[in-house]
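S.K.: My structure is below; once you've seen it, I'll send some questions.
The values are calculated or read from the model by the stated rules, or taken from the named source; none is laboratory data. Not measured: the values here are computed from a predicted model. Cβ coordinates were reconstructed from backbone atoms using ideal geometry, including for glycine residues, and neighbour counts include every protein chain displayed. Accessible surface areas use protein heavy atoms only, side chains included; no ligands, DNA or RNA. Shrake-Rupley method; radii C 1.70, N 1.55, O 1.52, S 1.80 Å.
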Amino acid sequence: MLHRWYMGLEGFTRTDQSTLTNSLNGLVTSASVNRASWSALIGYAYRDAWVLEGGYARMPIHNQLTLVTAPQPVAFTFTNESHAATLRLKRRLFQTGKRKNHAGLWLTAGAYIVPNSGKYVDGFIMEGYRYHRFQTAPDTLLLLSQTETAKRTTGMLELGLEYNIQLSNRLELGFYGRKTWGLQKALVTEMIYSENSVQIQSSRITANGTGWSLGLALRYTYSFRRSLKSVYDLHGKYGNE
């Protein structure tokens, strides 16, 4: 049976989802954010049936704040520190195609550790004026926003499907789709809406890494070996002919 060590690079498109608690009477909205990301991994494959891999992922967590103003909405996209460490376990479900190309479908499950520094990301103040009927002076409207990352390490869990095909003796190509679930809030945007310096509403947009990713993986096997049992069986099969 073949045991091997490999190095891999992944490129993928990620969709981040976030949660808005209050639209402030339709003044703000939030939407998913799509961005390209990458990761670098080292893995170990056991008998072409189990794989354990881990490494670094450049995988920012985003949220988006959109001000619904006339004539054109204004969108702000915020991100955390963008670093994550990942560990993933894979199990081959079944093999497809010719045996020599080792094509097959795999079930994958993993976890991410996301270090955060509690840093200030961005903020703004939006000021406007509004007249009520018979008013001689306008009301002053203020929207204050501030975005920060979490002050402690957060995490995510992952589940996916992957289709791999062997390009050569050492190169492998994979196509995958993964779903991630964030465990804690990694990025928070706080908003305060006030009228004439009196706070009347507040809202929050949070992002924890929940979302989807679709990507490609290229892997290079730099070390592989066969077990003694496999070598003995191969010798016996052809030695008796």
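S.K.: Tell me, what % of the accessible area of the chain is carbon and sulfur with a 1.4 angstrom probe?
M.R.: About 60 percent, which is the carbon plus sulfur part of the accessible surface.
S.K.: For Trp5 and Ile42, compute 0.36 nm times the residue count separating them, minus their Cα-Cα distance, and round to one decimal in nm.
M.R.: My answer for the length gained is 12.6 nm.
S.K.: Efficiency by 1/(1 + (r/R0)^6): what FRET value for Lys119 and Asp139, r their Cβ-Cβ distance, R0 = 41 Å, to the nearest 0.05? Mind dumping the intermediate values first?
M.R.: Numbers: r = 35 Å, r/R0 = 0.85.
Plugging the Cβ-Cβ distance into 1/(1 + (r/R0)^6) gives 0.75.
S.K.: Need one word for the stretch 1-95: rounded, prolate or oblate. Basis is the Cα gyration tensor (sqrt eigenvalues a ≥ b ≥ c); a/c below 1.5 gives rounded, then a/b vs b/c decides.
M.R.: Details: a/c = 4.05, a/b = 3.17, b/c = 1.28.
Here the stretch 1-95 falls in the prolate category.
S.K.: Provide Met156, Met126 ordered by accessible surface of protein heavy atoms (probe 1.4 Å), highest first.
M.R.: Accessible-area ranking of Met156, Met126, largest first: Met126, Met156.
S.K.: On to the next question. Please give the length that would be gained between Tyr222 and Thr13 if that part of the chain were fully extended, namely 0.36 nm times their separation in residues minus their C-alpha to C-alpha distance (nm, one decimal).
M.R.: 72.5 nm
S.K.: Can you give the relative contact order of the chain as a percent, counting alpha carbon pairs under 8 Å and 6+ residues apart?
M.R.: 23
S.K.: Identify which of Thr189, Thr140, Thr19 has the largest mean-square fluctuation in a Gaussian network model of the chain, with springs joining Cα atoms closer than 10 Å.
M.R.: Thr140
S.K.: Sticking with this one: Sort Arg92, Arg225, Arg35, Arg152 from largest to smallest accessible area, using a 1.4 Å probe on the heavy atoms of the protein chains.
M.R.: Per-residue accessible area, sorted high to low, gives Arg152, Arg225, Arg35, Arg92.
S.K.: Oh, and also: Would you indicate which of (i) 29; (ii) 42; (iii) 48 is the value of percent of Cα pairs over 28 Å apart derived from the coordinates of this structure?
M.R.: Evaluating percent of Cα pairs over 28 Å apart on these atoms matches (iii).
S.K.: Taking H placed 1.01 Å from N in the peptide plane, check which residues at least 5 places from Phe76 or on another chain put their amide H under 5 Å from its amide H.
M.R.: Amide H neighbours of Phe76, under 5 Å, 5+ apart: Leu65, Thr66, Leu67.
S.K.: Mean-square fluctuation check for the chain, GNM, Cα pairs under 10 Å: which of His62, His83, His102 is largest?
M.R.: Largest GNM mean-square fluctuation: His102.
S.K.: Also, quick follow-up: Among DSSP beta bridges whose residues both lie in the stretch 2-225, state the antiparallel percentage, nearest 5.
M.R.: Among the beta bridges of the stretch 2-225, antiparallel pairing accounts for roughly 100 percent.
S.K.: Against the longest principal axis of the chain, how steep is helix 228-239, in degrees 0 to 90 to the nearest 10, with axes from Cα atoms?
M.R.: The two axes meet at around 40 degrees.
S.K.: Compare Glu195, Glu127, Glu53 by solvent-accessible area with a 1.4 Å probe and give them largest first, with all protein chains kept in place.
M.R.: Glu127, Glu195, Glu53
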